[in-house]
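Chemist: I'd like to ask some things about the structure below.
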Amino acid sequence: MPHLDDHRTDPVLVDSPLSLDQIRAGLAHHEAAHAVVAAVLDVPCTRVRVMRVAREAGTGWTGATSYDNAPVSAYGLALIAAAGEHGELHHLQATGLLTEATARAACADHDRDTAISAAAALGFTITVNSPAPADPDRGATWSEVTEEARGLVAEQWPAVSALAAALLTAPDFTLTGDDVADIIASHLH
């Protein structure tokens, strides 16, 4: 399975209107949503983390979710990728922090681009600004993927929220795959 966290080697550092704790909480929900949707699709995580990164432009925070090699469809990979942004947006909405500026900061084009690339490598086309292939087994629009991911995140919100809370209290903001599996199993619908 392609790694959906390769983009994290060079994260985009953004000016956020949120406090450091709010940024970490949003990232924790972002990564937790990836992990929970992966679990729904029977793709186990090996690690979930939120981490500090330093670059020439400054210091920021990001996250990464890593997965076992498990059979998953290209569409499934895209759902996992799309889930992160929706986890963060759902959290912002639930905490009263969702504004145009915070929604922009939560935008995860890197996940979309990684999903499109990974799907293409598997012979599946995901389009952004054009119609999907006529055969749904050959492709989908990013809008279709993201709407289904949004629904999965909402449906599994108790698991996403529990995993994010555990991540925020974990040493070094890191959970092992076993930790993740135990937390998700007790909350999955």
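Chemist: Run the accessible area of the chain with a 1.4 Å probe and give the carbon-and-sulfur part as a rounded percent.
Modeler: C and S atoms contribute 51 percent here.
Chemist: Whole-Hz ³J(HN,Hα) for each residue in region 67-73, computed from phi via Karplus 6.51 cos²θ - 1.76 cosθ + 1.60 with θ = phi - 60°, x for glycine and proline: what do you get?
Modeler: Karplus values, whole Hz, x for Gly and Pro: 10, 6, 6, 9, x, 8, 6.
Chemist: Going by accessible area, probe 1.4 Å, with all protein chains left in place, what is the ranking of Ile116, Ile184, largest first?
Modeler: Solvent-accessible surface, decreasing: Ile116, Ile184.
Chemist: Here is a follow-up. Arg104: accessible area at probe 1.4 Å, nearest 10 Å²?
Modeler: Roughly 150 Å² of Arg104 is accessible to a 1.4 Å probe.
Chemist: Here's a follow-up. Dipole of the chain (Lys/Arg Cβ +1, Asp/Glu Cβ -1, origin at the Cα centre): which of Ala32, Leu92, Thr59 lies farthest to the positive side?
Modeler: Highest projection toward the positive end goes to Thr59.
Chemist: Would you check the accessible area of Cys45, probe 1.4 Å, heavy atoms only, in square angstrom rounded to 10?
Modeler: Solvent-accessible area, nearest 10 Å²: 10 Å².
Chemist: Shifting gears a bit: Can you tell me the dipole magnitude for the chain around its Cα centre, using point charges on the Cβ only (Lys, Arg +1; Asp, Glu -1), in Debye to the nearest 20?
Modeler: 260 debye
Chemist: Okay, next question. Does anyone have the angle between helix 20-40 and the longest principal axis of the chain? Alpha-carbon axes, 0 to 90°, nearest 10?
Modeler: Around 40 degrees separate the two axes.
Chemist: Turning to a different aspect of this structure: Using a 1.4 Å probe and counting only protein heavy atoms, arrange Glu155, Glu31 so the residue with the most accessible area comes first.
Modeler: Glu155, Glu31
Chemist: Now, a different point. For Ser73 and Ser186, what is the calculated FRET efficiency with R₀ set at 35 Å and r taken between the beta-carbons, to the nearest 0.05?
Modeler: Efficiency at R0 = 35 Å is approximately 0.85.
Chemist: Still on this structure, please answer the following. For the chain, what is the percent of antiparallel DSSP beta bridges, rounded to the nearest 5?
Modeler: 80 percent
Chemist: Given a 1.4 Å probe and heavy atoms of the protein chains only, how would you sort Val48, Val72, largest accessible area at the top? It would help to have the intermediate numbers written out before the result.
Modeler: Details: Val48 0, Val72 35 Å².
Final ranking, largest accessible area leading: Val72, Val48.
Chemist: Still on this model: Amide H of Thr127 versus every other amide H placed in the peptide plane: which residues, excluding those fewer than 5 positions away on the same chain, fall under 5 Å?
Modeler: Ala140, Thr141, Trp142
Chemist: Please tell me the relative contact order of the chain in percent, rounded to the nearest whole number, where contacts are Cα pairs under 8 Å and at least six residues apart.
Modeler: 29 percent
Chemist: Considering the values (i) 16.4; (ii) 17.4; (iii) 18.7, which represents Kirkwood radius over Cα pairs in Å as calculated for the structure under consideration?
Modeler: Label (i) holds the value from this structure.
Chemist: Mind checking the angle between helix 142-155 and the chain's longest principal axis? C-alpha axes, 0 to 90 degrees, to the nearest 10.
Modeler: 50 degrees
Chemist: Angle, helix 157-169 long axis vs. longest principal axis of the chain, Cα atoms, 0 to 90°, nearest 10?
Modeler: Taking Cα atoms only, the helix is inclined about 40 degrees.
Chemist: Rounded, prolate or oblate: which fits region 131-173 when a ≥ b ≥ c are the square roots of the eigenvalues of the alpha-carbon gyration tensor, with rounded for a/c under 1.5 and prolate only if a/b beats b/c?
Modeler: Prolate shape, in that a/c is at least 1.5 and a/b is the bigger ratio.
Chemist: Another question, if that's okay. Among residues other than Tyr75 whose Cβ falls under 11 Å from its Cβ, what is the net charge (Lys/Arg +1, Asp/Glu -1)?
Modeler: Spelling it out: positives minus negatives among the neighbours equals -2.
Chemist: Ok, one more. Please work out how much length the chain gains when fully extended from Ala170 to Gln93, using 0.36 nm per residue of separation minus the C-alpha to C-alpha distance, in nm with one decimal.
Modeler: Gain in length upon complete extension: 25.3 nm.
Chemist: Please list, ordered by chain and number, the residues whose modelled amide H lies under 5 Å from the amide H of Trp61; skip anything fewer than 5 residues away on the same chain.
Modeler: Under 5 Å from the amide H of Trp61: Val53.
The values are calculated or read from the model by the stated rules, or taken from the named source; none is laboratory data. Since we're looking at a predicted model, the values are computed, not measured. Using ideal geometry, Cβ is built from the backbone for each residue, glycine included, and neighbour counts are taken over all protein chains shown. The area values use the complete protein model at the heavy-atom level, side chains included, leaving out ligands, DNA and RNA. Shrake-Rupley method; radii C 1.70, N 1.55, O 1.52, S 1.80 Å.
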